[in-house]
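See below for the structure under consideration.
What follows is calculated from the coordinates using simple rules that are stated; it is not laboratory data. Treat the numbers as computed from the prediction; the structure is a model and nothing was measured. Positions of Cβ are backbone-derived with ideal geometry, glycine not excepted, and every protein chain shown enters the neighbour counts.
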Amino acid sequence: MGADHRRPGVCKARPTRAFFVPMTLRGALCLVIVAALAVSGCKREADAGASPPAAAAAPAEPASTPTPNPVLRKVIRNADLAMTVASPGAAQREAGKIAEQHGGYLASSESLSTASEDGEEPGSVRVTLRVASDRLDGALDALRKLGKHVGHENISSRDVTDEWVDLEARIKTQKKLEEQYLEILKNASRVDDLLSVQKQLAEVRGEIEKAEGKKRLLDNQITLSTVTVTFQGERQLVALSAGAFGRAARRASADTVNVGAGIVIGGIRLAGVLLPVFLLVLLPGFLLGRSALRRLLRAAA
């Protein structure tokens with residue numbers, strides 16, 4: 001019986017050990033599988049997280065292609081002013097200095113009228129200035145300070161970018177054509193071919209010079225702006241001064257002398273004209289009339 005009691009006890013204990021051992025192996029396997037799944041999941045997440053930058057970097061390739069530089073705008077700026085100043089002559093000299101200070105020069109000057117008082121100071125002056133286009137605003141501000149009143153002001157701008165670009169492209173095309181004609185001229189052997197190529201070459205060079213001349217003119221007008229200023233002297237209602245009174249007195253005395261001399265000279269000229277008429281016409285007529293009258297009186301007696 002004791003053996004029977006131990007045998008069942010042993011039989012009951014074996015299943016218990018057999019149960020714990022397999023469960024321990026299963027747990028280990030489960031842990032390994034879970035760890036493997038976790039590692040693979042982390043790897044997939046890392047790959048998924050790293051993939052967007054690669055996808056985002058793909059469209060960045062076209063940004064490396066160079067873009068053509070835009071052409072700077074070519075604008076011609078001019079201005080026209082009219083103002084009242086105390087002294088047109090002094091304003092003219094100051095305008096020339098202002099043009100030099102702003103990268104230009106005095107192109108022309110013209111006196112439109114003379115002052116009515118003495119004739120020494122011009123009544124109005126028109127000047128043409130050339131100043132740097134990027135300093136035009138500063139030059140206009142300096143010119144406005146010369147006058148007491150600005151009566152007229154006009155600032156114009158003209159965009160010539162298309163014309164400038166067209167001329168530049170035409171020059172490049174004609175120069176390439178010139179190079180081709182020069183190569184043909186080197187290989188030409190016949191006289192007729194030489195003359196024909198030289199004729200075509202002369203026409204191409206003429207087109208190049210014409211286009212370059214227009215381009216230089218545009219560049220000059222773009223670089224330097226033209227400013228036309230009219231300085232008008234002040235008109236005083238009453239001008240009374242010692243100098244003006246003395247000039248008026250001198251003019252009056254000169255007028256008196258001139259009028260007296262004119263009268264004397266006119267009388268002499270008139271006498272010189274009437275004396276021959278009196279001697280040749282009036283005096284003989286008077287004598288003939290007198291003798292005829294005497295004869296009539298005698299006949300009547």
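Between H152 and L177, the modelled labels are 4.5 nm apart [label points 7 Å from Cα along Cα→Cβ].
Between T128 and Q101, the FRET efficiency estimated from the beta carbon spacing at R0 = 25 angstrom works out to 0.90. As a ratio to 2.2 N^0.38 Å, the alpha-carbon radius of gyration for the stretch 147-242 is 2.12. If R₀ is 41 angstrom, what is the calculated FRET efficiency for the pair L287 and I265, using the beta carbon separation as r and rounding to 0.05? Efficiency, from the Cβ-Cβ distance: 0.80.
Largest first, the extents of the alpha carbon coordinates of the stretch 164-301 on the three principal axes equal 130, 59, 21 Å. In the distance distribution for the stretch 101-206, Cα-Cα pairs more than 24 Å apart total 59 percent.
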